[in-house]
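Values quoted throughout were computed directly from the atomic coordinates according to the rules given, and no laboratory measurement underlies them. Keep in mind that what you see is a predicted model, and the values were worked out from it rather than measured. Cβ coordinates were reconstructed from backbone atoms using ideal geometry, including for glycine residues, and neighbour counts include every protein chain displayed.
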């Protein structure tokens with residue numbers, strides 16, 4: 001069975017026990033989380049989020065660069081007033097360079113590209129960089145808390161990056 | 001207490017009971033999910049995902065436009081071979097127009113912008129459009145399944161968009 005069919009099947013159980021049909025659109029805890037798409041990281045379980053609590057933005061690496069559009073909408077239209085960035089140990093973004101992936105895309109798909117893939121070599125610095133990107137964006141609110149965490153895929157523990 | 005501090009506190013319980021420290025980096029179910037950042041949607045709980053199963057990419061609207069970089073990495077480096085797009089009822093993206101938000105950003109932050117916010121007016125069509133964007137991207141694999149779902153925030157149920 002395809003994953004899509006498995007999702008439809010698994011959802012029947014979720015919907016059968018669903019009790020949260022009256023939640024408002026704006027996040028109840030007024031926070032946006034930006035996290036990596038990594039399969040091993042479940043931001044809701046790892047951070048104690050229930051349905052209705054927080055915007056969760058995810059992409060390869062949990063990079064701020066891809067998240068500006070979403071954060072503008074989150075802050076301007078849906079009232080979030082705090083941002084938390086979550087990267088993690090053993091991230092795929094540490095395993096390749098942008099040049100290498102550009103070459104692979106051209107070889108495998110026949111499509112030349114100068115796309116930036118936002119890979120990084122220093123995990124803690126990648127978190128600091130993304131906190132800075134968010135704090136300094138002219139499209140985002142100033143004077144709200146923006147903090148950065150690392151999730152350890154071996155222990156399930158998050159720690160703050162200073 | 002800030003949400004960030006609450007996350008650190010909630011994580012202590014998650015880490016204390018953590019038993020999934022040996023998962024490999026590539027998603028076990030070889031699938032990438034693209035979903036809206038909406039607080040009411042928890043893709044893991046709603047679709048039956050456990051840690052290690054799937055890449056989960058999320059942004060405002062669950063739009064494919066922001067997700068191409070992440071999907072290239074997911075497919076070329078981490079072996080996913082299926083994509084599922086999940087938008088949802090009562091989406092914030094149905095409540096504004098791009099022009100209106102551009103004006104608000106300029107008024108509130110003093111930053112003129114011609115950014116595309118990818119708002120939409122027809123929910124089912126937005127899913128079809130994003131499936132088409134992914135299927136037709138020269139940067140992504142051809143001949144793999146790409147399917148689109150709508151999650152109903154009132155019932156917790158997902159249904160497929162044809």
remark   = Per the helix-only model, the protein assembly as shown has a calculated mean residue ellipticity at 222 nm (DSSP H runs of ≥4, -39500 (n - 2.57) each, divided over all residues, rounded to the nearest 500) of -10500 deg cm²/dmol
remark   = Among A:82, A:51, A:106, the residue with the largest mean-square fluctuation in a Gaussian network model of chain A built from Cα contacts under 10 Å is A:106
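So if I take the alpha carbon set of the protein assembly as shown, get Rg, then get Rh from the Kirkwood formula, what is the Rg over Rh ratio? Please list the in-between numbers first.
Working: Rg = 18.3 Å, Rh = 19.6 Å.
We get a ratio of 0.93 for the protein assembly as shown.
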ask   = How far is residue A:94 from itself in the other copies, in nm, if each label sits 7 Å out from Cα along the Cα-Cβ line, shortest first?
value = 4.3
inquiry  = Connecting C-alpha atoms closer than 10 Å in a GNM of chain B, tell me which of B:88, B:55, B:30 has the biggest fluctuation.
reply    = B:30
ask   = Can you tell me the Rg and Dmax of the range A:29-130, counting just the alpha carbons, in angstroms?
value = 15.3, 46
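Would you please give the FRET efficiency between residue B:121 and residue A:154, computed as 1/(1 + (r/R0)^6) with r the Cβ-Cβ distance and R0 = 41 Å, to the nearest 0.05?
For residue B:121 and residue A:154, the calculated efficiency is 0.35.
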ask   = Taking the DSSP beta bridges in chain A as the whole, what percent of them are antiparallel, to the nearest 5?
value = 20 percent
query = Copy-to-copy spacing for residue B:15, label 7 Å out on the Cα-to-C-beta vector, in nm, shortest first?
reply = 3.9
query = Cα-Cα pairs above 18 Å in the range B:90-147: how many percent?
reply = 51 percent
message = Between residue A:144 and residue B:144, what's the calculated FRET efficiency when r is the beta-carbon distance and R0 is 30 Å? Round to 0.05.
response = 0.15
task = Output, in nm with one decimal and in ascending order, the distances from the residue B:65 label point to the matching label points of the other copies (7 Å from Cα along Cα-to-Cβ).
result = 1.9
ask   = Of all DSSP beta bridges located in the protein assembly as shown, what percent are antiparallel, nearest 5?
value = 20 percent
Of all chain B residues, the one whose C-beta is nearest the axis that brings B onto A, in angstrom = B:58, 2
query = Using 0.36 nm per residue, how much length does the chain from residue A:1 to residue A:16 gain when fully extended, once their Cα-Cα distance is taken away?
reply = 3.2 nm
query = When chain A is treated as a GNM, springs tying every alpha-carbon pair under 10 Å, which of A:117, A:18, A:96 comes out with the largest mean-square fluctuation?
reply = A:18
